[in-house]
Amino acid sequence: MIMESDIRLRAIEPEDLDLLYQLENDRSLWDVGTTNVPYSRYTLHDYIATSSDDIFADRQVRLIIENVRTQETVGVCDLVRFDPQHQRAETGIVVMRDNRRKGYALAALTLLADYALRVVHLHQLYAVVAADNEAAVNLFRKAGYEVQAELRDWLFDGHQYGNALLMQRFL
């Protein structure tokens with residue numbers, strides 16, 4: 001099982017363009033995120049080039065999840081909708097299919113929470129999770145998030161609406 005010491009969260013590099021292109025254009029992920037259109041390589045290249053990696057300037061930060069031993073990129077995690085006044089941000093995470101159910105996501109969420117507390121000085125993190133996504137709900141629970149509300153008809157997959165859970169973690 002992967003532990004926090006087995007991974008690191010690092011800034012996005014130009015070499016990560018192919019990974020971002022693959023993730024952002026994976027239609028199976030669109031139902032659980034806010035993306036519903038494909039991204040071009042140019043747009044993603046521009047994002048990497050213009051991102052300051054400063055959550056205070058960009059109001060978001062995307063970090064690469066990397067296996068320390070193999071230096072393999074296993075996924076990405078985000079802090080988005082950063083609100084410095086209320087000291088909170090929304091959390092998002094995607095682990096590449098071949099690396100799921102190995103502990104990477106839990107380790108990454110633990111490191112992300114530590115970063116949010118110690119570096120950004122946030123008071124809370126939250127996530128909006130599809131209510132029927134048991135794996136994601138269980139992951140966030142293990143990471144210290146609690147369900148605060150059920151949002152009816154919150155997610156639309158192009159055919160039907162689904163409920164979402166608002167999950168929150170105090171730091």
*Taking the residues in the stretch 127-138 that are of a type outside the set (Val, Ile, Thr), closer than 17 Å to residue 152 by Cα and surrounded by 14 or more Cβ atoms within 10 Å (Cβ to Cβ) as candidates, determine which candidate is nearest to the chain's Cα centre (by Cα).*
127
*Among the listed residues 166, 106, which satisfies the condition of being assigned to a strand (DSSP E or B), at negative phi and surrounded by 14 or more Cβ atoms within 10 Å (Cβ to Cβ)?*
166
*Of the conditions (1) free of Cβ contacts under 8 Å to residues at least 40 places away in the same chain; (2) farther than 15 Å from residue 10 by Cβ; (3) not in a loop (DSSP other than H, G, I, E, B), residue 117 clears all except one; give me its number.*
(1)
*Report whether or not residue 92 is under 19 Å from residue 1 (Cα atoms), assigned to a strand (DSSP E or B) and small (Gly, Ala, Ser).*
no
*asked:* So, in the stretch 139-163, how many residues would count as being within 10 Å of residue 126 (Cβ to Cβ) and buried (at least 16 other Cβ atoms within 10 Å of the Cβ)?
replied: 2
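No lab work stands behind these numbers, since they all come straight from the coordinates. These numbers come from a predicted model, not from an experiment. With ideal geometry, Cβ positions are generated from the backbone for all residues, glycine too; neighbour counts draw on all protein chains shown.
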